[in-house]
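The values are calculated or read from the model by the stated rules, or taken from the named source; none is laboratory data. Since the model is a prediction, treat every value here as computed from it, not as a measurement. Neighbour counts run over all protein chains shown; Cβ positions are idealised from the backbone, glycine included. Side chains are part of the model used for accessible areas, which takes the heavy atoms of the whole protein and leaves out ligands, DNA and RNA. Shrake-Rupley method; radii C 1.70, N 1.55, O 1.52, S 1.80 Å.
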Amino acid sequence: MFKKKRLVIATTVYWFLLAYIIAGLVWWFIELQTQNRQMVSYQLQELKMDDPRYETQFNRIAAEQQRKTAQYVGEGSTFLLLILIGALFVYREVRRQIRLQLQQQNFMMAVTHELKTPIAVTKLNLETLQRHRLDEQKQQKIIQTALRETDRLDNLANNILVASQLEGGGYTQSKEQLDLSDLVLRILQDLSRRYPDRKWEEDIDPECLLSGDPLLLQMLVSNLAENALKYSPREGIIHLSLKKRDRHIILAVKDEGPGIPDEEKKKIFNKFYRMGQEKTRNAKGTGLGLYLCRKIARDHKATIKVSDNSPVGSIFTVVF
C-alpha cells in the first residue's frame with residue numbers, strides 16, 4: 001500500500017509540474033501577443049492620416065503584426081510538441097522502470113522462498129535419517145524426497161544462471177544435430193521417476209531431428225513440463241506431444257490447470273512476470289521459466305504461444 005501510495009503521489013506531482021509548464025508556455029504566448037498588439041497600437045497612433053505613405057505604412061504594420069503572430073504560434077506549437085513528446089517519453093520510461101523494480105522485488109521474494117523451501121525440507125530429511133533408525137523403505141522415501149528438492153534447487157540455479165548469461169551475451173550456444181524425440185522421452189522418464197504419483201501422457205513421433213543446443217532445448221522442454229505440473233491438479237493429466245508436420249516440428253504441452261486469461265497470455269513470457277501478488281499466490285516459481293522458454297525458442301528460430309485447452313487448462317506450443 002505504501003509503494004502504491006508513493007507511486008500515486010509521484011504521478012500526481014509529475015502531471016502537476018507538466019501542467020504548470022504548459023500553463024507557463026500559454027502565459028508566455030498571451031504576453032507576447034499582448035505586447036505585439038500594444039506595439040501595433042502605438043505605431044498606428046504615430047501615423048498621420050494626411051501622410052501620402054499612410055496606406056503603405058499601415059499595410060507594413062499589419063503585415064508585421066501577422067508575421068509576429070505566426071512566429072509566436074509556430075514557436076509555441078514547437079515547444080509544446082517537444083514538451084509533450086518528452087513528457088510522454090519520460091512518463092513511459094519511469095513507469096517501465098517502476099514496474100521492472102516491482103517485478104525484481106517479486107522475483108527476489110520468490111527466489112528466497114524457492115531457496116528456503118527445498119533447503120528446509122532437505123535439512124529436515126537428513127536430520128530424520130541422522131536421529132532415527134528407519135527401515136529401508138522409509139529411508140528410500142526420505143532420500144527420494146531430498147533428491148527431488150535438490151533437483152528443484154538445481155533447476156532454479158540453472159534458470160538464473162542461463163537467464164543471466166543469455167541476457168548478457170555470455171552464453172556460447174552449441175549447434176549440433178540432435179534427436180528431439182529422444183530428449184523429450186528422457187525428460188519424461190525423469191519426471192515420471194521424480195513424480196510417480198502424477199499422470200503423464202505422451203505422443204512422440206520418432207526421429208524428430210533438428211540443429212540446436214542440447215542444454216537449452218532440455219531446459220525448454222523441462223520448464224514447460226514442470227510449469228504444467230505446477231499448475232495442474234494432482235489428479236490432472238499432463239500431455240506431451242512431439243509431431244512432424246511438413247518441414248516443421250511441433251512440441252505441445254497440455255495441462256488441466258485453471259488456464260490463463262486472454263489479457264495475460266502475452267505478459268507471461270515477460271521477464272519476472274507472474275500472475276497475481278507474490279504474497280498471496282500459491283504456485284511456486286520465479287517468473288523466469290517462461291521467459292527462458294521464449295528466449296530459447298527465438299534463439300532456435302522457433303515460435304512459442306499459449307492457447308486454451310478444452311475443457312480446462314492451457315496448451316503451450318513450440319513450432320521449430
From the P(r) of the stretch 1-158, can you give the percent of Cα pairs sitting at distances over 18 Å?
77 percent
With every protein chain in place, the accessible area of residue 303 for a 1.4 Å probe, in Å² rounded to the nearest 10, comes to 90 Å²
Starting from the Cα of residue 305, draw a straight line to each of the lysines and keep only those under 17 Å, dropping any in the same chain fewer than 8 residues away.
243, 254, 265, 266, 267, 271, 295
More than 16 Å apart: what percent of Cα pairs in the stretch 223-276 qualify?
54 percent
Tell me, what HN-Hα J-couplings in whole Hz come from the Karplus equation 6.51 cos²θ - 1.76 cosθ + 1.60 at θ = phi - 60° for each residue of the stretch 240-253, using x for Gly and Pro?
10, 10, 9, 10, 9, 10, 6, 9, 10, 10, 10, 9, 10, 10
Around residue 250: net Lys/Arg minus Asp/Glu count, Cβ-Cβ under 9 Å:
+3
How large is the accessible surface of residue 15 in square angstrom, using a 1.4 angstrom probe and rounding to the nearest 10?
110 Å²
Both in Å, the radius of gyration and Dmax of the C-alpha trace of the chain are 32.8, 125
Kindly give Rg over Rh for the stretch 129-234, based on alpha-carbon atoms, with the Kirkwood expression for the hydrodynamic radius.
1.05
Quick check: with the 1.4 Å probe, what order do 266, 243 take by accessible area, largest first?
266, 243
Cα Rg, Dmax (largest Cα-Cα span) when computed across the stretch 127-183, Å:
18.6, 50
When ligands, DNA and RNA are left out and all protein chains stay put, how many square angstrom of accessible area per residue does the chain have with a 1.4 Å probe?
65 Å²
How would 164, 41, 222 line up by accessible area, probe 1.4 Å, largest first?
164, 41, 222
Determine the calculated [θ] at 222 nm for the chain from helices alone, applying -39500 (n - 2.57) to every DSSP H run no shorter than 4 residues and normalising by the residue count; nearest 500 deg cm²/dmol.
-23000 deg cm²/dmol
Going by Cα centres, the stretch 138-154 and the stretch 183-200 are how many Å apart?
15 Å
Per residue, the convex hull enclosing the alpha carbons of the stretch 168-216 has a volume in Å³ of 98 Å³
